[in-house]
There are 4 protein chains.
Amino acid sequence: VVETTGEYSAYRERLYEHRRAGDAEALPVDPAELERAAAAVLSDVASAHVFGGAGGGETIRANREAFQRVRLVPRFLRDVSAIRLGRRVLGDELPAPLLLAPIGGQALVHADGERASARAAAALGIPVIASTRSSATPEQIAEAAGAGPRWFQLYWPADDGILASFVGRVERAGYSAIVLTVDCFTQGWRPLEIDLAGPLEVQGVGSEIFLSDPAFRSMLARPPEEDREAAGQLYRRARSHPALSWDDLGRLRELSSLPLVVKGILHPDDAREAVARGAAAVVCSNHGGRQVDGAIASLEALPAIVDAVGGSVPVLLDGGVRSGSDVVKALALGAAAVLLGRPFLYGLALAGEEGVDHVLRCLLGDLELTLALCGIASVAELDGRILSP
Amino acid sequence: VVETTGEYSAYRERLYEHRRAGDAEALPVDPAELERAAAAVLSDVASAHVFGGAGGGETIRANREAFQRVRLVPRFLRDVSAIRLGRRVLGDELPAPLLLAPIGGQALVHADGERASARAAAALGIPVIASTRSSATPEQIAEAAGAGPRWFQLYWPADDGILASFVGRVERAGYSAIVLTVDCFTQGWRPLEIDLAGPLEVQGVGSEIFLSDPAFRSMLARPPEEDREAAGQLYRRARSHPALSWDDLGRLRELSSLPLVVKGILHPDDAREAVARGAAAVVCSNHGGRQVDGAIASLEALPAIVDAVGGSVPVLLDGGVRSGSDVVKALALGAAAVLLGRPFLYGLALAGEEGVDHVLRCLLGDLELTLALCGIASVAELDGRILSP
Amino acid sequence: VVETTGEYSAYRERLYEHRRAGDAEALPVDPAELERAAAAVLSDVASAHVFGGAGGGETIRANREAFQRVRLVPRFLRDVSAIRLGRRVLGDELPAPLLLAPIGGQALVHADGERASARAAAALGIPVIASTRSSATPEQIAEAAGAGPRWFQLYWPADDGILASFVGRVERAGYSAIVLTVDCFTQGWRPLEIDLAGPLEVQGVGSEIFLSDPAFRSMLARPPEEDREAAGQLYRRARSHPALSWDDLGRLRELSSLPLVVKGILHPDDAREAVARGAAAVVCSNHGGRQVDGAIASLEALPAIVDAVGGSVPVLLDGGVRSGSDVVKALALGAAAVLLGRPFLYGLALAGEEGVDHVLRCLLGDLELTLALCGIASVAELDGRILSP
Amino acid sequence: VVETTGEYSAYRERLYEHRRAGDAEALPVDPAELERAAAAVLSDVASAHVFGGAGGGETIRANREAFQRVRLVPRFLRDVSAIRLGRRVLGDELPAPLLLAPIGGQALVHADGERASARAAAALGIPVIASTRSSATPEQIAEAAGAGPRWFQLYWPADDGILASFVGRVERAGYSAIVLTVDCFTQGWRPLEIDLAGPLEVQGVGSEIFLSDPAFRSMLARPPEEDREAAGQLYRRARSHPALSWDDLGRLRELSSLPLVVKGILHPDDAREAVARGAAAVVCSNHGGRQVDGAIASLEALPAIVDAVGGSVPVLLDGGVRSGSDVVKALALGAAAVLLGRPFLYGLALAGEEGVDHVLRCLLGDLELTLALCGIASVAELDGRILSP
């Protein structure tokens, strides 16, 4: 019975109890309130990192407006006493069509950083996608995730030795997919970030995977701990590869048998190309509006991409997801699953692992109830028929 | 002559007199002002109950925006010296195409709760739709309504004995229709409600019909007054039935010869199904935006539903009605009548029965004048020709 | 040369001089600033009268938004050294395609009321349309207008003797057209007006034409000055005629040979009917959004009406005009001239006759410059080619 | 490598360093913040000059909204390690598709006025378009620009002798094109400017080219320094020519062999006419929304103009450009280059030459990064395929 015993919506009962008990410390459920609360505790530097977008923020707004334009037409008097959110993606049985988006530098947001979010996700069986720019090494994140599913997000380094080393490390650390981000070989023009902060490396976070890497260290005359200047210079040269092209993908596939996910796809031709080059999945994403101001909303780009790959590989959607309805809409438009970005940082900012847990449970509870109230008993049933024409 | 002697617009003359007399206590006429005034007197718990919507409130806004997009094209120099608002719905001769929407827990809003709103509606001959989650029993509401028309809104309980008992009670109490709500077998995800309050049962209201029910009480070892814990547990098990399906409707029709209205319809296929299953009317509604955030606006869903039932049964419209123009628009789009929801709660909050009376008289006066000023002498003449193409 | 010697844009030079001279009392040119300044000096009662609209104000907003949606495509390198704004309407040679809209009760806005606005309009040769509900008699307004053109706006009284008397009076007072308003036989539902004020008669203004009328006075046992109660009752019975229909128009045409203008037309069929009944012109108007909330914007209704009358009579546009561009847009969509409403009240509120003069000169200067900058040397050249498709 | 060594995006590295160094005086990068900061330091007179628009500012808003409606669809995994922004326009090799728009009276904004902006532009090789209404003579601006490219914007004076003198002077001062502005032979109706300031000549700036001109001076009995009144009168007569028509263009072409650019084109027929009359380029512009309120957005007018000239001459776009994305959008819609207007004034207001340099470098850095992140290695590759359909 959904009413009180749904796996995820049961969390609401716990929240009711907290309110009854007068718990003044309770984290907000309202997403806008959660965002405001997080903004109030973040430093300027962390604010720029979390909220910063490209240019005037048009694409950040576009991501949300695209969701708001889509309307659901719920159906009723169907048996929804048991809701199935589970979805198989790239061989992983996910408890819900949801992953944690890769976000670097989480130490700016909370002292426990990526480890806290990885623990929270793992406890729910939600895959964490560890960023190359994490403020922890992939091994540390893997240890935090324990038995939980984990994917690794790759910024392709300029040096092949380092690339090979990274790939080997994430394989050994139990990551089950490599998510190659193609839309951020350089930061977009982010006025807020420049005005308030400077990017991650200015803050001294986000290079942990390099500093801990044997191949990287072998390229230095002295260990980074002893010569930070030289390490920083090498890091800035090595961290990205703007000349990367489709032809390079073959090399990565030779380095690893892990499924390759290409993240940052907005054009159907790029989706087709990714599939032709062996991608096991693509992520339709505009990097949360952080790269090209004025870029198409990811939800708006989704249908043509789904159409282009024609079911050959799953398409994931990233950007603007805030609620259960948003997940339903993305799936109805053809996404296999969605990535949750900024909201989990709000939880992290406010209460570390517990905050991320809260945000995830709220989203899952919302999703479970919204599906039930749409007359959909399983995410497998979701398609365009639930949308207003 | 409409000018001063119209049945309902005459109320405006009384309001003028109040102003002339300098009555500082006068209730606002302006709907936005009325809402603000009500918000100012409601407790947090009542605010969450009255204003709370699903998720980010997109569907609450969509309900209003759908009305705002529709434009009327008034006609003139027609004889509108006598305006007829009356409409026959399910055998009841209504003085206007208007009913009070079923809303539970009105004791949170005003001490007199449902009895006050029932008395106000009855005085005008407007049907009240008593909610299963009322903070009064159906018998108490019937007594308050006196000779006034009344319908009963049913949340189908999980136990058939309780269902049969409910149906018998409302028949004996003089209700003339059963409105089965299909879109709220569980609460939607309502952040404001969770953050501020918790649902009705957390507040200890809304279960009066259960606690007073012989079938319910017979299932308890001890009377609820003596063992609140056990009663609460049984209530939470019994109050809803998420596995309910279209096939179950036959049982309800066997239990009662009262006309069955299905409320919560948004898809034309569900409307057709309801008619095929013997519904005497359907209510196009998204539960005031409280259940699925992102659900289609009810006014937007209306035309396809009207088209689907093809005149076989009346279609009622619920959600977003605030003014006489809104009623005209809904009827022009094919609704037989509309349900008024939140606005009457604002009146109730401010002044109990008198406040509901004020809100109803304002709406009826506005409707009467708007019809006259559209060149329409009777609601029976309203159709799509009054709308801008 | 438009630059400095255009007939109307020369006013700008005077304004520059005022600013140079540091005149702190200068009236604002910016329309929004003018509105704010006026709002600050108006009493509550006058505010309700000036700003009040039907319901939630949707049609007031719609009137403005309709103008904002239309875009002009200026042309250049045409000889616009002499701009001709003049237009012949109903036999009057107007200096510009502009008339003062009929607005009653101007004594609430400024002590000099209608006489001030009539004097300001007359000085520029702009026709004033005196309202039946004026706070001055038609004779007083005519005297103020002197040699200036004047039309009379008629609310058709319920008594034929009074009607005949009114018509005779305005003929004798030199009015050259009768503008029959068909959309306000009763006030619309205006929350702000009810909440703050009550209508004109509650304020004791607007019945001057009745109280001074021989036919009206002859129906009273004692003069109104001695028995205000009886006069008030008769006034409320006599002032309007909600049963009026198209068939009645013949009687008015028999009473007077003055051209008959029908004001309040929104539907093309009503425009056709008016022409068939002998109207010499129609005014496309929704009464400034004061009557039916949700009514179509008058500018939006205009093209179909222009199309319906097919050039047989001029179509005037009323509602939402604020700037020279607005006049250009209305004329490009087929209006012969426009009526200016609320803005002249702002000038009246701030500085009486001088304020109305300021508002009119600003609008004419703006219009003259805008036409020149669109490459249009004469209003006669304006048509749809200036509009963005 | 774009990451750190792109010609223009390298400026971001310098900004990071400033932030790291805690430079509290740093100019904002965020365009909205920059605008606010400039507004805070400008006098009322300068504010009216910089921010003033025609009427209610609808076209100022329309210019921005037109950019916001266009969406980019970035492509990835293309080699963008070297970005080429250079473009050849009218024989000049521009380092980027960007020119400084002609804006007069810059002395109101900063004591160094046009000389500061000319120096900043010249340092980057960006052409400055010197306005006829500059608060410096063309010779002074040329001297400031040094070896930098410069075009001259012409308001055609009413006297042919002065015209010939102007043309000769700008040829001798090394200007390489004449930009004839056709949309401002008289100021538009600008409420803010009238209310706060009056136009340039009221401020005593903008007539420097006249006062320094031999032909102009020869028409005066006494030098302007000795008889300001007579000089002012002659200036007001001579400064513009509202009767100018297409036929006059031949005379200008006979006076000079410099390429003629026609600025202020919004209609495709005017674009065709300009080309037929020998224009070497046209500028699609609505004068930054300062002339006709309600005029079409320049970006919206662009495609039809590009289509009309069919590649025979370059089309430049002016109005609303604020970011790198805006430049990409304009070029994708067919513009050969864009003019940057108000933003450089913000920089000028805040820090003179250094401020203009900052604004230009930010825009170029943003453009370089945005192109790279769109997968476009050269502006020559930009076309409609980058736009969302």
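Structure notes:
- Of residues in segment B:6-26 being over 16 Å from C:Ala197 (Cβ atoms) and not small (Gly, Ala, Ser), the one surrounded by the fewest Cβ atoms within 10 Å (Cβ to Cβ): B:Glu25
- Scanning segment C:122-153 for residues that are touching a Ser or Thr at 6+ places or on another chain (Cβ under 7 Å) and part of a loop (DSSP other than H, G, I, E, B) yields C:Thr137, C:Pro149.
- Of the residues making up segment D:170-218, those that are over 30 Å from D:Ala295 (Cα atoms) and acidic (Asp, Glu) are D:Glu171, D:Glu208, D:Asp213.
- Filter result (more than 8 Å from chain A (Cβ to nearest Cβ) and touching a residue at least 60 places away in the same chain (Cβ under 8 Å)) within segment B:250-271: B:Arg251, B:Leu252, B:Leu255, B:Ser256, B:Leu258, B:Pro259, B:Leu260, B:Val261, B:Val262, B:Lys263
- From the options B:Arg119, B:Arg169, residue that is assigned to a helix (DSSP H, G or I) and either surrounded by fewer than 21 Cβ atoms within 10 Å (Cβ to Cβ) or without any contact (Cβ under 8 Å) to a residue 60 or more places away in the chain (or both): B:Arg169
- Selection status of B:Asp30, acidic (Asp, Glu) and touching a helix residue (DSSP H, G or I) at 6+ places or on another chain (Cβ under 6 Å): yes
- Evaluation of A:Ser245 against (1) away from chain B (no Cβ under 14 Å); (2) in contact (Cβ under 8 Å) with a residue 24 or more places away in the chain (one fails), failing number: (2)
- Whichever residue in segment A:365-384 is crowded, with 17+ Cβ neighbours inside 10 Å and of a type in the set (Gly, Ala, Ser) and, among such residues, is farthest from A:Leu72 (Cα to Cα): A:Gly365
- Residues in segment D:48-62 that are touching a helix residue (DSSP H, G or I) at 6+ places or on another chain (Cβ under 6 Å) and more than 9 Å from every other protein chain (Cβ to nearest Cβ): D:Ala48, D:His49, D:Val50, D:Gly52, D:Gly53, D:Ile60.
- Restricting segment B:220-256 to residues that are over 25 Å from B:Arg172 (Cα atoms) and among the basic types (Lys, Arg), the residue that is nearest to the chain's Cα centre (by Cα): B:Arg236
- Summed over segment C:176-191, residues that are facing another protein chain (nearest Cβ under 7 Å) and touching a residue at least 60 places away in the same chain (Cβ under 8 Å) total 5.
- Which numbered condition D:Ile83 misses (of (1) surrounded by fewer than 23 Cβ atoms within 10 Å (Cβ to Cβ); (2) in contact with a strand residue (DSSP E or B) (Cβ under 9 Å, 6 or more places away or on another chain); (3) more than 11 Å from chain A (Cβ to nearest Cβ)): (3)
- Candidates A:Ala238, A:Ala336, A:Ala332, A:Ala274: the one that is surrounded by fewer than 24 Cβ atoms within 10 Å (Cβ to Cβ), in contact (Cβ under 8 Å) with a residue 12 or more places away in the chain, within 12 Å of another protein chain (Cβ to nearest Cβ) and in contact with a strand residue (DSSP E or B) (Cβ under 6 Å, 6 or more places away or on another chain) is A:Ala332.
- Comparison of A:Arg88, A:Arg75, A:Arg150 shows that the only residue that is free of Cβ contacts under 8 Å to residues at least 40 places away in the same chain, touching a Leu at 6+ places or on another chain (Cβ under 9 Å) and either within 30 Å of A:Glu7 (Cα to Cα) or within 14 Å of chain B (Cβ to nearest Cβ) (or both) is A:Arg88.
- Qualifying positions in segment D:172-208 - surrounded by 24 or more Cβ atoms within 10 Å (Cβ to Cβ), of a type outside the set (Asp, Glu) and in a helix (DSSP H, G or I): D:Pro191, D:Ile194
- Single match in C:Glu193, C:Glu208, C:Glu226, C:Glu273 (criterion: charged (D, E, K, R) and touching a Phe, Trp or Tyr at 6+ places or on another chain (Cβ under 7 Å)): C:Glu273
- Number of the exception - C:Leu317 against (1) over 17 Å from C:Leu99 (Cβ atoms); (2) buried (at least 24 other Cβ atoms within 10 Å of the Cβ): (1)
- Residue in segment C:15-47 that is nearest to the other protein chains (Cβ to nearest Cβ), counting only those that are under 19 Å from the mean Cα position of the chain (by Cα) and within 28 Å of B:Arg12 (Cβ to Cβ): C:Glu35
- If the condition is being under 22 Å from B:Leu369 (Cα atoms) and not in a helix (DSSP H, G or I), then segment C:227-263 contributes C:Arg239, C:Ser240, C:His241, C:Pro242, C:Ala243, C:Leu244, C:Ser245, C:Val262, C:Lys263.
- Taken together, the residues in segment D:209-226 that are in a helix (DSSP H, G or I) and surrounded by fewer than 20 Cβ atoms within 10 Å (Cβ to Cβ) amount to 5.
- Residue within segment D:363-377 that is outside any loop (DSSP other than H, G, I, E, B), modelled with pLDDT of 95 or more and under 19 Å from D:Ala39 (Cα atoms) present: no
- Per-region count, segment B:277-291, residues touching a residue at least 40 places away in the same chain (Cβ under 8 Å), within 13 Å of B:Asp183 (Cα to Cα) and either away from chain A (no Cβ under 12 Å) or touching a strand residue (DSSP E or B) at 6+ places or on another chain (Cβ under 6 Å) (or both): 5
- From the options B:Ala32, B:Ala82, B:Ala21, B:Ala48, residue that is closer than 23 Å to C:Gly232 by Cβ and at pLDDT below 95: B:Ala21
- Close Cβ contacts (under 6 Å, 6 or more residues apart or on different chains) running from residues in segment A:9-27 that are closer than 18 Å to B:Leu200 by Cβ to residues that are outside any helix (DSSP H, G or I) comprise A:Tyr16/B:Gly198; A:His18/A:Ala26; A:Arg19/B:Gly198.
The values are calculated or read from the model by the stated rules, or taken from the named source; none is laboratory data. Predicted model only: the values in this text are computed from it and were never measured. For neighbour counting, all protein chains shown are included, and Cβ atoms are generated from backbone atoms with ideal geometry for every residue, glycine included.
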